Amino acid sequence: MFSTDDSIVAVATPPGRGGIGVVRISGSASKAIAAAMLARHVPLEARRATFTRVIAKSTRVIDEVVATYFPAPHSYTGEHVVEISAHGNPVVLRAIVGRALEVGARLAEPGEFTLRAFLNGKRDLVQAEAVADLIAAATPAQARVACDQLEGTLTQRIGEIDAELFSLIAPLEASLDFPDEGYHFIEPEETGRRLGLVVRHIQQLLVGARRGRLIREGATVVVGGRPNVGKSSIFNM
């Protein structure tokens, strides 16, 4: 079990070599940790990219970088965040992470940045799951569905259903609590009509969920037939 009060660090870009690699630090001490790693004469300003250098404990320069500070709550995780854009070499990125560990950070667990975004109210559970789906998307359709969920489309539709049910429950409970008041808090026909709308909206969501699962996970298809009738040819095409 890990603590969410720690300041965490990890490489935020994929493994391998590239033009740029990003190291992300998140937590209450992230700015102080960055200050201990970076050239001291260059202060970090909120939401401003700053050219600087990461300095090793031996005062050797690890890399020239661009550091950006995002103060809470206006960051991905809702905490203080510093993102360090360095050259995308695994050796360099590991050295930057190692330096952050030396000055007080903890190595982030898989998915912990998004977990903190969820715990701090920056993402709901559907959106948090959509982050993983968007990263793993292998087709344009998968990416589009994941992006829609990340934007809160599903959350909004569920919220509308929740609000409608709440508005139905309130007068129903009033009718049960005050049966002798002589006032009808609900009209059966109107309540039935509104419940019917809620049911239809839920059914639409379920249909969309089946379609979304097919896009997300794909379909298992069997190509069957007698020997030498062209199954392999169809598969190869």
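Each residue in the stretch 35-84 was checked for being aromatic (Phe, Trp, Tyr) and more than 23 Å from the chain's Cα centre (by Cα), and 1 of them qualify. Each residue in the stretch 90-131 was checked for being of a type in the set (Val, Ile, Thr), open to solvent by 40 Å² or more (accessible area, probe 1.4 Å) and part of a helix (DSSP H, G or I), and 1 of them qualify. Of the residues making up the stretch 1-34, those that are over 19 Å from the mean Cα position of the chain (by Cα) and not in a strand (DSSP E or B) number 15.
Only one of these is free of Cβ contacts under 8 Å to residues at least 60 places away in the same chain and out of contact with any helix residue (DSSP H, G or I) (no Cβ under 6 Å at 6 or more places or on another chain): 158, 186, 96. Name it.
Going through 158, 186, 96 in turn, just one is free of Cβ contacts under 8 Å to residues at least 60 places away in the same chain and out of contact with any helix residue (DSSP H, G or I) (no Cβ under 6 Å at 6 or more places or on another chain): 158.
Taking the stretch 35-89 and the strands (runs of 3 or more DSSP E) fully enclosed by it, the elements with 2 or more residues that are within 25 Å of residue 112 (Cα to Cα) and open to solvent by 30 Å² or more (accessible area, probe 1.4 Å) are at 61-70, 81-88. Looking at (1) modelled with pLDDT of 95 or more; (2) under 24 Å from residue 15 (Cα atoms), which is the one condition that is false for residue 71? Unmet condition: (2).
The values are calculated or read from the model by the stated rules, or taken from the named source; none is laboratory data. Note that this is a predicted model, so its numbers are computed, not measured. Neighbour counts run over all protein chains shown; Cβ positions are idealised from the backbone, glycine included. For accessibility, only protein heavy atoms count, side chains too; no ligands or nucleic acids. Shrake-Rupley method; radii C 1.70, N 1.55, O 1.52, S 1.80 Å.
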